[in-house]
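> Sending over a structure as structure tokens; questions will come in a sec.
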């Protein structure tokens, strides 16, 4: 028997590449993340619960998770429509719009936050018309003799900047590309003949949408929804300028972590770093759960398209 010849490849062997991969992953990801749990583990269970689930932290969790969920749902709906239009309908300027979808990826988050504040503030391009304290809105009320009856929030206008609505707008802005880019390849593979066959068999447009199109797009749509939701949970730069950061009202969890790091209370029973890592550990667990959900959805999507 001839000895088995060793197969030469350009890339190094499996053992070396796997070892380098695990080393790089541990150095960049696992070790820094484990430090969060180690630092939070320095607190007793009672102290951990008091710090991570205080009234102010619970309010920040509520604002962050609810706004992220609402933004992801809106992005799932409008992202589906936008992806469908960009794939199925040729029109002038389509490439420009398709490139603009990626703008939140390339734009620094601080620039996005300042831009949104400049647009939706009470003196911004849109805010001056819809904000109850916007100059254009006040001129309109004064001109019609309604200023005395329509001041404040109520039905006089819509305040976006420095409210929960502003947080929702910022999260929607940064999450839209995830839904569109997840759906576009699936829509491109969806054959128009399926819709034509459904129409030939007498199906209405609503039936074609619900029975033919949505079942094919649902795995990718859920994946895009989960990605947009996860992205919104960790967003900081674009929200910090438009949120207003009112304690218990418009504070988000990343801001609470930063605030705890900056706090210096000598009478506290534990350090600001321990308090910050306690809150960070809660968000890290939520991120792990979302990551697992995204991986399961992607696996389901691949299996669905394979069938």
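The values are calculated or read from the model by the stated rules, or taken from the named source; none is laboratory data. This one's a predicted model, so the numbers in the text were calculated from it and none came from an experiment. Neighbour counts are summed over all protein chains in view; Cβ atoms, including those assigned to glycine, are modelled from backbone coordinates with ideal geometry.
> Which residue out of 287, 238 is more than 21 Å from residue 80 (Cα to Cα), part of a helix (DSSP H, G or I) and touching a helix residue (DSSP H, G or I) at 6+ places or on another chain (Cβ under 6 Å)?
So the residue among 287, 238 that is more than 21 Å from residue 80 (Cα to Cα), part of a helix (DSSP H, G or I) and touching a helix residue (DSSP H, G or I) at 6+ places or on another chain (Cβ under 6 Å) is 238.
> Which helices (runs of 4 or more DSSP H) does segment 32-120 wholly contain that include 3 or more residues that are more than 22 Å from the chain's Cα centre (by Cα) and under 23 Å from residue 247 (Cβ atoms)?
45-52
> Taking residue 147, is it surrounded by 13 or more Cβ atoms within 10 Å (Cβ to Cβ), outside the structural domain of residue 184 (by TED's automatic domain parsing), outside any helix (DSSP H, G or I) and modelled with pLDDT under 90?
yes
> Right, here's the next one. Condition check: at pLDDT 90 or above, in contact with a helix residue (DSSP H, G or I) (Cβ under 6 Å, 6 or more places away or on another chain) and either closer than 17 Å to residue 284 by Cα or buried (at least 17 other Cβ atoms within 10 Å of the Cβ) (or both). Does residue 51 satisfy that?
Against the criterion (at pLDDT 90 or above, in contact with a helix residue (DSSP H, G or I) (Cβ under 6 Å, 6 or more places away or on another chain) and either closer than 17 Å to residue 284 by Cα or buried (at least 17 other Cβ atoms within 10 Å of the Cβ) (or both)), residue 51 does not qualify.
> Within segment 54-63, track down each residue that is closer than 24 Å to residue 271 by Cβ and touching a residue at least 40 places away in the same chain (Cβ under 8 Å).
Hits for segment 54-63 are 55, 56, 57, 59, 60, 61.
> Can you pull out every residue in segment 237-264 that is over 17 Å from residue 57 (Cβ atoms) and without any contact (Cβ under 8 Å) to a residue 60 or more places away in the chain?
264
> Mind checking which residues of segment 124-134 are assigned to a loop (DSSP other than H, G, I, E, B) and either in contact with a helix residue (DSSP H, G or I) (Cβ under 6 Å, 6 or more places away or on another chain) or modelled with pLDDT of 85 or more (or both)?
124, 125, 126, 134 - these are the residues of segment 124-134 that are assigned to a loop (DSSP other than H, G, I, E, B) and either in contact with a helix residue (DSSP H, G or I) (Cβ under 6 Å, 6 or more places away or on another chain) or modelled with pLDDT of 85 or more (or both).
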